[in-house]
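S.K.: My structure is below; once you've seen it, I'll send some questions.
Bear in mind these aren't lab numbers, they're just calculated from the coordinates by the rules spelled out. Predicted model only: the values in this text are computed from it and were never measured. Virtual Cβ from ideal backbone geometry, glycine too; neighbours counted across all protein chains shown.
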Amino acid sequence: MSVRARLPRPLAFALQTAVLVALLGGTAAYALTEKTVTVSVDGASRLVTTHGGTVRDALSAAGLSAGAHDLLAPAADSAIGDGDRIALRRGRELSLVVDGHRRDVWVTAVSVDEALSQIGLRADGAVLSASRSRRIPLAGLSLEVLTPKAIAILADGHVATLTTTGPTVRDALMQAGISLAATDRLSAPRAALLTDHMTIRVTRVLGRRVIESYPIPFRTERRPDATLFKGDTKVLVAGRPGVLLRTYTLSFVNGRLTAKHLGSERRTAEPVTQVLAVGTKPRPAVQRSTGSADGLNWAALARCESGGNPRAVSRNGTYRGLYQFSFGTWRGVGGSGDPIDASPDEQTYRAKVLYSRSGRSPWPVCGKYL
């Protein structure tokens, strides 16, 4: 015999009604939790519907998640409401080779040009292995950068100066049109990587004579200039080394060198004095307003990056000051000289400028303390 058969008809009807009301009430409550948010992934937006209450729930509903190298705003545990916006910039590994030196960096940029700006690498006049407009895939990208370098080559009693983006001594010699005999010697190996302001000396070995070129250092004259700010300099006349040509006579016995005698020496080029204009004008007060960056916890970031020491320098000397600027990044945000020589206020202002451009990405480890 069923339960319904044993219950009086009015009581059975009342129970059925109560169950129906409970079911309809639960459905309505569930519907009220539904919200639609806009999720932007690397600049591309779409609408996502979720019943969850946090950014993480919305990402899950969209089939997404934020990795260790991604940039997410708001944070994953932040509460969301209907109509909110969520931005996710996914991390990409850049295998960067600059003038033969390799380092791997993580960026949230989507193009090569944006990535160079994000890591503070000034690449004006540089040769890149990929177009600046090329998109960086999520799997990452290998990028070679050859920056312009000023080189001086002393050969045959003359000094040749050139600017080259070639990576090695061999490339500089080829660009200067200087050929070498099998017996000639160089002050650096042909495969050595070039550095800015490098001097390469060519020694010609001619039979039993050796002709060597030696640089004569140039002087630097510094002239006060009231039109430049203190700490700034301007090259009025570029310095150039002179050349001293020496001829040696070699003595060989049984194929072995036994003596080297100086036969003659003469100057074939006089050094040119470098003239620098040195600024004497006081710098104006730095404008300290940088928008939303002013309200962040810069003291916490400094403690993490440098222990709060404005003159801190990393072990390899690359990163310097309160916020561990590289020289390239420091110059990219308007700084001059060495970051550790700037006041703490100046360093903080430059860090705020960098944050306004690139967010927390320049500080991948300590940026979370801002």
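S.K.: Dipole size in debye (nearest 20) for region 186-343 around its Cα centre, Lys and Arg Cβ +1, Asp and Glu Cβ -1?
M.R.: In total the dipole reaches around 700 debye.
S.K.: Using Cα centres only, tell me the gap between region 115-159 and region 324-356 in whole Å.
M.R.: Their Cα centres are 22 Å away from one another.
S.K.: Something else about it: What order, most packed first, do the peptides 167-175, 118-126 have when packing is the mean number of other Cβ atoms within 10 Å of each residue? Don't skip to the answer; put the middle values down first.
M.R.: Numbers: 167-175: 18.7, 118-126: 16.1.
Going by the mean number of other Cβ atoms within 10 Å, highest first, we get 167-175, 118-126.
S.K.: Rounded to whole Hz and in sequence order, give me ³J(HN,Hα) for region 107-117 from the Karplus expression 6.51 cos²θ - 1.76 cosθ + 1.60, θ = phi - 60°, writing x for Gly and Pro.
M.R.: Once θ is set to phi - 60°, the couplings for region 107-117 become 10, 10, 6, 9, 10, 4, 5, 5, 5, 4, 5 Hz.
S.K.: Please say if the chain is rounded, prolate or oblate, where rounded means a/c under 1.5 for a ≥ b ≥ c the square roots of the C-alpha gyration tensor eigenvalues, and otherwise the choice is prolate for a/b larger than b/c and oblate otherwise?
M.R.: On the way: a/c = 4.48, a/b = 2.59, b/c = 1.73.
It is prolate, given that a/c is not under 1.5 and a/b is the larger ratio.
S.K.: Given only helices, namely DSSP H runs of n ≥ 4 each adding -39500 (n - 2.57), what is the per-residue ellipticity at 222 nm of the chain, to the nearest 500 deg cm²/dmol?
M.R.: Values: 8 runs with 80 residues, N = 370.
Helix contribution divided over all residues of the chain: -6500 deg cm²/dmol.
S.K.: Let me check I've understood the local charge: for Ile151, count other residues with C-beta under 15 angstrom from its C-beta, Lys and Arg +1, Asp and Glu -1. What total comes out?
M.R.: Details: positive: Lys149, Arg170, Arg190, Arg201, Arg240; negative: Asp99, Asp171, Asp196.
Cβ neighbours under 15 Å give a net charge of +2.
S.K.: Connecting C-alpha atoms closer than 10 Å in a GNM of the chain, tell me which of Ala182, Ala312, Ala191 has the biggest fluctuation.
M.R.: Ala182
S.K.: Just add up the charged neighbours of Tyr369: K/R +1, D/E -1, any other residue whose Cβ is under 12 Å from the Cβ of Tyr369. Numbers along the way, then the final one.
M.R.: Numbers: positive: Arg303, Arg360, Lys368; negative: Glu305.
That sum, taken over residues with Cβ under 12 Å, equals +2.
S.K.: Right, something else. Listing Glu346, Glu305, Glu144 from the residue with the fewest other Cβ atoms within 10 Å to the one with the most, what is the order? Show your work: numbers first, answer last.
M.R.: On the way: Glu346 20, Glu305 23, Glu144 17.
Going from sparsest to densest Cβ surroundings: Glu144, Glu346, Glu305.
S.K.: Place a +1 charge on the Cβ of each Lys and Arg in region 35-89 and a -1 charge on the Cβ of each Asp and Glu, then give the dipole magnitude about the Cα centre in debye, rounded to the nearest 20.
M.R.: On the way: 5 positive and 6 negative charges, 19 e Å.
About 100 debye.
S.K.: List every residue whose amide H lies under 5 Å from the amide H of Leu228, counting only residues 5 or more places away in sequence or on a different chain, with H placed 1.01 Å from N in the peptide plane.
M.R.: Under 5 Å from the amide H of Leu228 lie the amide H atoms of Thr280, Lys281, each far enough along the sequence or on another chain.
S.K.: Straight-line reach from Lys260: which aspartates and glutamates have a Cα under 16 Å away, not including same-chain ones fewer than 8 places off?
M.R.: Glu212
S.K.: What is the extension gain from Arg134 to His69, computed as 0.36 nm multiplied by their sequence separation minus the C-alpha to C-alpha distance, in nm to one decimal? Can you show the working numbers first?
M.R.: On the way: separation 65, 0.36 × 65 = 23.40 nm, distance 2.06 nm.
Result: 21.3 nm gained on full extension.
S.K.: Compute the FRET efficiency between Val272 and Gln175 as 1/(1 + (r/R0)^6), taking r as their Cβ-Cβ distance and R0 = 30 Å, and round to the nearest 0.05. Before the final figure, lay out the partial values.
M.R.: Values: r = 22 Å, r/R0 = 0.73.
Calculated value: 0.85.
S.K.: Roughly how big is the chain's charge dipole about its Cα centre, with Cβ charges of +1 (Lys, Arg) and -1 (Asp, Glu), in debye to the nearest 20? Don't jump to the answer; show the numbers that get you there.
M.R.: Numbers: 48 positive and 30 negative charges, 141 e Å.
Once rounded to the nearest 20, the dipole reads 680 debye.
S.K.: Between Val105 and Thr247, what FRET efficiency comes out of the Förster formula 1/(1 + (r/R0)^6) with R0 = 45 Å and r the beta carbon distance, rounded to 0.05? Walk me through the numbers before you get to the answer.
M.R.: Working: r = 51 Å, r/R0 = 1.13.
Efficiency, from the Cβ-Cβ distance: 0.30.
S.K.: Where the centre of each part is set by its Cα atoms, how far does region 260-283 sit from region 74-102, in angstrom?
M.R.: Taking the Cα centre of region 74-102 as reference, the centre of region 260-283 is 50 Å away.
S.K.: Per residue of region 353-365, in order, report the coupling 6.51 cos²θ - 1.76 cosθ + 1.60 (Karplus, θ = phi - 60°) as ³J(HN,Hα) in whole Hz, putting x for Gly and Pro.
M.R.: For region 353-365, the Karplus curve yields 4, 5, 4, 4, 8, 10, x, 7, 4, x, 10, x, 9 Hz.
S.K.: Going down the table (Lys281/Lys352; Lys149/Lys281; Lys230/Lys352), which pairs top 27 Å between alpha carbons? List each step's numbers first, then the result.
M.R.: Details: Lys281/Lys352 25 Å; Lys149/Lys281 31 Å; Lys230/Lys352 23 Å.
Checking Cα-Cα distances, Lys149/Lys281 exceed 27 Å.
S.K.: When the chain is modelled as a GNM with alpha-carbon springs shorter than 10 Å, which of Phe252, Phe218, Phe327 fluctuates the most?
M.R.: Fluctuation is largest for Phe252.
S.K.: Sticking with the crude label model, points 7 Å out along Cα→Cβ, report the distance from Val237 to Arg185 in nm, one decimal please.
M.R.: That separation, rounded to one decimal, is 3.5 nm.
S.K.: Points 7 angstrom from Cα along the Cβ direction at Ser78 and Ala44: gap in nanometres?
M.R.: It works out to 2.3 nm between the two label points.
S.K.: So who's got an amide H within less than 5 Å of the one on Thr54, skipping anything under 5 residues away but keeping other chains? H placed 1.01 Å off N, in plane.
M.R.: Ile80
S.K.: Quick one: net charge around Val210, please, counting Lys, Arg +1 and Asp, Glu -1 for every other residue with C-beta under 14 Å from its C-beta.
M.R.: Local charge sum for Val210: +3.
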